[in-house]
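Reviewing the structure listed below.
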Amino acid sequence: RSRERQLSCVAVPVTPAALILALLVASAGPQETTEAEPEALELHVAPGGNDAWSGRLITPSEDGSDGPFATPARAQRAVREALAASGGERPVVVTIAGGIYELEAPLVFTAADCFRPGTVVEWRAREGERPVLSGGRRITGWEVGEDGRWRVELPEVREGTWDFAQLWVDDQRRFRPRLPREGWYTVEAALEPSEAAAGRGHDRFVFAEGDIDPTWADLATIEVVALHIWSASRMRIGAIDPDPRALTFTGPTRALQRWGAFLAGNRYRLENVRAALGDPGDWYLDRASGELVYVPLPGETPESTVVVAPRLDELVRLEGDVAGRRLVQGLAFEGLTFAHAGWTCPPEGQSFPQ
């Protein structure tokens with residue numbers, strides 16, 4: 001077997017002249033020199049930073065004149081400036097220290113944020129640390145009532161410039177009050193679409209007595225999560241007719257077919273029902289007064305609990321121009337946590353086939 005391997009390796013005869021030539025080439029070293037890659041520009045972001053600094057230092061200098069940036073947005077501007085100055089030929093690495101960075105706006109990446117094809121601009125966490133790029137804002141200023149519930153007034157909500165349907169408490173998602181508290185209600189009877197929805201989709205059904213109270217003051221902010229055959233719709237209440245207990249939505253589903261209908265026996269539930277507020281972990285946002293109410297879990301206190309509500313629906317957006325061949329490419333994100341993005345149900349509700 002050893003001799004077979006030896007014989008199989010002999011494929012090309014080597015003459016003494018060829019061997020001497022090979023040794024001369026090897027001893028001569030590389031015949032061509034290549035230009036060295038430019039040194040990477042390293043930028044740093046840290047909670048104790050300052051956007052007026054250069055971002056070149058990991059920690060602030062002793063005299064406080066320079067140090068890391070404070071925000072990812074400032075680092076992004078510095079990356080663009082560096083790429084423009086070097087013609088996109090200088091690698092860039094942005095290292096972000098652990099901490100929470102509340103974004104003022106989504107980070108929008110275009111061709112101006114990219115390196116040449118085949119290489120990358122790196123956005124990465126500092127080794128062993130957890131930076132969080134947050135689309136939310138921490139809620140403070142809670143007052144604890146005699147009923148144990150926490151309350152805070154948010155003027156921006158009252159003024160109509162801020163709305164949210166998600167809340168996080170100590171990194172855990174909390175939910176709005178729902179009915180039924182466990183399980184589901186079921187559609188008592190189907191109804192043909194209303195005149196307003198005719199030809200577009202389904203927008204109403206008959207509910208069982210006692211499932212919905214027409215006197216609730218917050219009917220317009222209650223969301224109905226209705227299950228169809230394989231999909232679900234999230235609808236807003238438009239009107240309630242006491243006879244025959246018809247619930248009509250502000251908009252229709254996306255189809256007239258059965259998969260978009262509210263069939264008898266189909267399940268549904270109500271979310272964001274103020275009358276159901278009470279279970280630990282529940283919260284409710286009164287948009288008219290701007291008051292946020294939270295029912296704490298055992299052991300939670302305003303002083304030791306971090307409550308975050310979303311301000312942004314998007315955290316990162318890539319905007320390329322395919323026709324102009326200005327592509328977003330060569331970006332790498334490593335070890336970063338993107339958190340606290342919001343979403344609110346549109347006025348006409350949400351309905352999709354999948």
Taking segment 161-182 and the residues there that are in contact (Cβ under 8 Å) with a residue 60 or more places away in the chain and either open to solvent by 40 Å² or more (accessible area, probe 1.4 Å) or among the acidic types (Asp, Glu) (or both), the one that is farthest from Val307 (Cα to Cα) would be Arg181
Check your understanding: If we scan segment 179-189, do we find a residue that is over 23 Å from the mean Cα position of the chain (by Cα), farther than 28 Å from Gly342 by Cβ and not β-branched (Val, Ile, Thr)?
Key -> yes
Flagged in segment 76-112 as open to solvent by 30 Å² or more (accessible area, probe 1.4 Å) and in a strand (DSSP E or B), in numbering order, are Ile100, Glu102, Val108
**Q.** Arg151 vs. criteria over 21 Å from Ala332 (Cα atoms), open to solvent by 40 Å² or more (accessible area, probe 1.4 Å) and basic (Lys, Arg)
**A.** yes
Within segment 225-249, residues in a strand (DSSP E or B), open to solvent by 30 Å² or more (accessible area, probe 1.4 Å) and without any contact (Cβ under 8 Å) to a residue 40 or more places away in the chain come out as Ala232, Gly238, Ala239, Ile240, Asp241
Restricting attention to segment 129-144, the residues that are open to solvent by 10 Å² or more (accessible area, probe 1.4 Å), on the phi < 0 side of the Ramachandran plot and part of a loop (DSSP other than H, G, I, E, B) number exactly 4
Within segment 250-260, the residues that are open to solvent by 10 Å² or more (accessible area, probe 1.4 Å) and of a type in the set (A, V, I, L, M, F, W, C) are Leu256, Trp259
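Please specify each residue of segment 197-224 satisfying the condition of being without any contact (Cβ under 8 Å) to a residue 12 or more places away in the chain and among the aliphatic types (A, V, I, L, M).
Pass one, segment 197-224, residues without any contact (Cβ under 8 Å) to a residue 12 or more places away in the chain: 198, 210, 215.
The answer is Ala198, and nothing else.
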In segment 176-211, residues that are farther than 18 Å from Ala264 by Cα and outside any loop (DSSP other than H, G, I, E, B) total 5
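Tell me which residues, restricted to segment 226-239, are of a type in the set (A, V, I, L, M, F, W, C) and within 22 Å of the chain's Cα centre (by Cα). Even if it seems obvious, please write down each step before you answer.
The initial filter retains those residues of segment 226-239 that are of a type in the set (A, V, I, L, M, F, W, C), namely 226-227, 229-230, 232, 235, 237, 239.
Hit for segment 226-239 is Ala232, nothing else.
The values are calculated or read from the model by the stated rules, or taken from the named source; none is laboratory data. Keep in mind that this is a model prediction, so the values were computed, not measured. We place every Cβ from the backbone using ideal geometry, glycine too, and count neighbours over all the protein chains shown. These accessible areas exclude ligands, DNA and RNA; they are computed on the full protein's heavy atoms, side chains included. Shrake-Rupley method; radii C 1.70, N 1.55, O 1.52, S 1.80 Å.
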